[in-house]
Amino acid sequence: MRLDIRLLDEPFAPDQAFGAFTVAFRESGGIASFVGHVRPGNGVTALELSHYEPLTLPGMEELARAALARWPLDGLLLWHRVGVMRPGEPIVLVAAAAKHRRAAIEAVDFVMDHLKSAAWFWKREQRSGEWHWIEPRPEDHADLARWST
């Protein structure tokens, strides 16, 4: 089992990271991934993610362990940006490798649902020169609740 968990304050290339991940897990039966970008539109010129450093990386590691406890994974990659980003820039990359596709797909979904609504990040968008805080949507909380059953 291999974990690759990173908290990044600089841009990253998801295609390169995912390519290296797939090469490392050629023997896995399935690899699933998700890349989240700063959404363009609605006048958004920037997104800023702040975090509390003593909790963020340990929290990401704990989330990875929770995924490992639920699914028989061969590997898990979890990279997340912090700082100021522009529309189109990647924010997060999650990838999971497993013997079977369902475990990989569900593990990625599980990790993303936790990152969207129960993570250690504070988000705000800049629109029309002003910053606005972003809270998780009811849909994000509903997605997270699926995993408690």
Distant alpha-carbon pairs in region 1-84 (separation over 14 angstrom), percent: 69 percent
For region 79-149, Kirkwood radius (reciprocal of mean inverse C-alpha pair distance, Å): 14.0 Å
Charge dipole magnitude, Cβ of K and R +1, D and E -1 - the chain, Cα centre, debye nearest 20: 340 debye
Part-to-part distance (alpha-carbon centres) for region 1-28 and region 50-103, which is given in Å: 10 Å
Proximal charge balance of residue 30 [Cβ under 13 Å; K/R count +1, D/E count -1]: +1
Principal-axis tilt of helix 53-70 within the chain, Cα atoms, nearest 10 degrees: 40 degrees
Column: log10 I(q)/I(0), Debye, Cα scatterers of region 31-149, q = 0.17 Å⁻¹: -0.88
Mean separation of Cα contacts under 8 Å, 6 or more apart, over the residue count of region 1-100: relative contact order %: 49 percent
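Taking the Cα centre of region 1-76 as origin, sum charge times position over the Cβ atoms of Lys and Arg (+1) and Asp and Glu (-1), and report the length of that vector in debye to the nearest 20.
Dipole magnitude for region 1-76 comes out near 280 debye.
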GluC sites (Glu not before Pro) restricted to region 1-91 and DSSP loop, no more than 12 other C-beta within 10 Å: 27
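Just so you know, all these numbers are worked out from the coordinates, no wet-lab data involved. Remember, predicted model here, so these are calculated numbers, not experimental data. So basically every Cβ, Gly included, is an ideal-geometry build from the backbone, and we count neighbours across all protein chains shown.
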